[in-house]
Structures are given as structure tokens and as C-alpha cells.
DNA sequence: GTCCTGGTTC
DNA sequence: GAACCTGGAC
């Protein structure tokens, strides 16, 4: 069903080149960034990381003993202070316990047991800090794949089901997983926006059901697919029209 | 000004 | 389905 997933990657790769993600200098910075970026755009994460670094909190040994009040001012750019401050301290402790060990798939369960770490955060850490082969699924992934492949698919399915769908269709390759996720982020930020996607400039336009719908090769520049109030997650999503007024 | 965004928990 | 938060888009 649909085009091979690897083609989607190749289309983006041809446009953007290798992304060399995750944007962090150390594995611990990956861990911190994975927490900070929960529900937050990366630009704000960068500001918070800079604040944390200037104050010396990017040392896992120090962060492991930070109090929420000490972290609060540095977390201002990313918000969610009440959740992320205690979480940073706890995940720093977990990192101290693991940083010199050989990464194990069982670490996923350990991370998920930390309050405030969900599947995306756990997988980001495993893939980018520890180079374990888990595909990171985020909002960009769901949105882009739902548009590229059209209606039927696990796009709204629970996290692990979509992750499995993706991993089944790709060679089990850490570098590919890393760069593919990075490409999806790039496509999501530049073109496949939630509102008003810019299909005419999207590297996936030639393989995307959403950009290709209505039989057009793709909309000419400046004429992206028409939409009503907001684009659904795919062309023909059978939403129960129910008591539409 | 108000709306909208994005992971996780309850 | 709402709460947690911010700052950019409208």
C-alpha cells in the first residue's frame, strides 16, 4: 500500500542532505533536550539549554542535585516548569547510573518508568544519545505520513503501533532512523505545517497523496491545495459529519 | 487580544 | 478531555 517508506526518506534527503541530528554536543545534552522539547518548539529549547549551560547545570552530577527553584529561571523559555524541573533532576540521576554502560534495549522500560518520560522522550534518548535502533515518532511524523499516504493507516494509532509500522518498513539502521526523523522534522517545519502546508515547496510533493490530490501533479508555486478552516490529517478522512450545522 | 502549538499525565 | 506553559501567528 502506497509508496515505499524509504522513498519518502530519499525525497527529503535529496532536498536537505544529511541532517547530522540531534543538535547537541554531548549525549547528556541530548537527554536534557529531549525533556525540554516536550510539547515545545526547538528554538525555545535552545534558549533554555543556553541558560542552563551558563549556570553550569549541564553537568549531570550537578543537575542530579538541583532543586526545582534553582532550575526554574532557566526553564522559563520552555515552560512546564513544575513538571520539567523535577524531571530533569530525576533523569540526570538515571543518566549518571547508565552513562558508562553498554546501551540495552531494556533501558526503554526504565526510562518509561520515570514520571514525565513518555515514549517519544524515551526513544529520542535511546536513538540519539545511545544509538539504539528505535524510530522516534512525533507530531511531525504523524502529520507528514498521514498526508503522504492518505486516509487508511496507523496515523492516529497509539505510539508503539505507528513506530512498529515504520520500523517494519525500514532496514534496522540507527543512522537511517536518526536522519529520517531529522528529515521529517525539517519537512514539518518548512513545508508540512499543521495549518497552511506549503505543498508547492515540499520535497515530498511528488509522492504525497495530499499534495497530489484532485489529480494535480502538484499545485504551482503560491497555489497550495485549497482548504476550509483547517486541513484535516489527510484528504478524505471519514469524519462522522453527524449533526453538522 | 485571542488562537494555536507540542508530549505527558490524570 | 483537560491541565501544564510559552511566544509566535493571526
> For chain A, taking Cα atoms only, what is the radius of gyration to one decimal and the Dmax to the nearest whole Å?
Replying inline: 19.5, 61
> Cα centroids of the stretch A:152-201 and the stretch A:37-52: how far apart, whole angstrom?
Replying inline: 22
> Add -39500 (n - 2.57) for each DSSP H run of 4 or more in chain A, then divide by its residues: what number comes out at 222 nm, to the nearest 500 deg cm²/dmol?
Replying inline: -14000 deg cm²/dmol
> In degrees, nearest 10, range 0 to 90: what is the angle between the Cα axis of helix A:159-168 and the longest Cα principal axis of chain A?
Replying inline: 70
> For residue A:174 and residue A:14 in one chain, what is 0.36 nm times their gap in residues minus the Cα-Cα distance, to one decimal in nm?
Replying inline: 55.7 nm
> Taking only C-alpha pairs under 8 Å that are 6+ residues apart, what is the relative contact order of the stretch A:89-148 in percent?
Replying inline: 24
> Order of A:199, A:208 from fewest to most other C-beta atoms within 10 Å?
Replying inline: A:199, A:208
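Relative contact order of the stretch A:1-195: what whole-number percent is it, with Cα pairs under 8 angstrom and at least 6 residues apart?
26
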> Given R₀ = 45 Å, FRET efficiency for residue A:7-residue A:106 by Cβ-Cβ distance, to 0.05?
Replying inline: 0.85
> Say R0 is 22 Å: what FRET efficiency, to the nearest 0.05, do residue A:70 and residue A:93 get from their beta-carbon distance?
Replying inline: 0.90
>> I'd like the orientation of helix A:139-149 relative to chain A: the angle between its Cα long axis and the longest Cα principal axis, in ° from 0 to 90, rounded to 10.
In response: 20
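Give me A:69, A:123 ranked fewest to most by other Cβ atoms within 10 Å of their Cβ, as a rough exposure proxy.
Fewest-to-most Cβ neighbours within 10 Å comes out as A:69, A:123.
Coordinate-derived values only; no laboratory data. Here the structure is a predicted model, which is why all the values come from computation and not from measurement. Quick reminder, even Gly has a Cβ in these numbers, built from the backbone with ideal geometry, and neighbours come from all protein chains shown.
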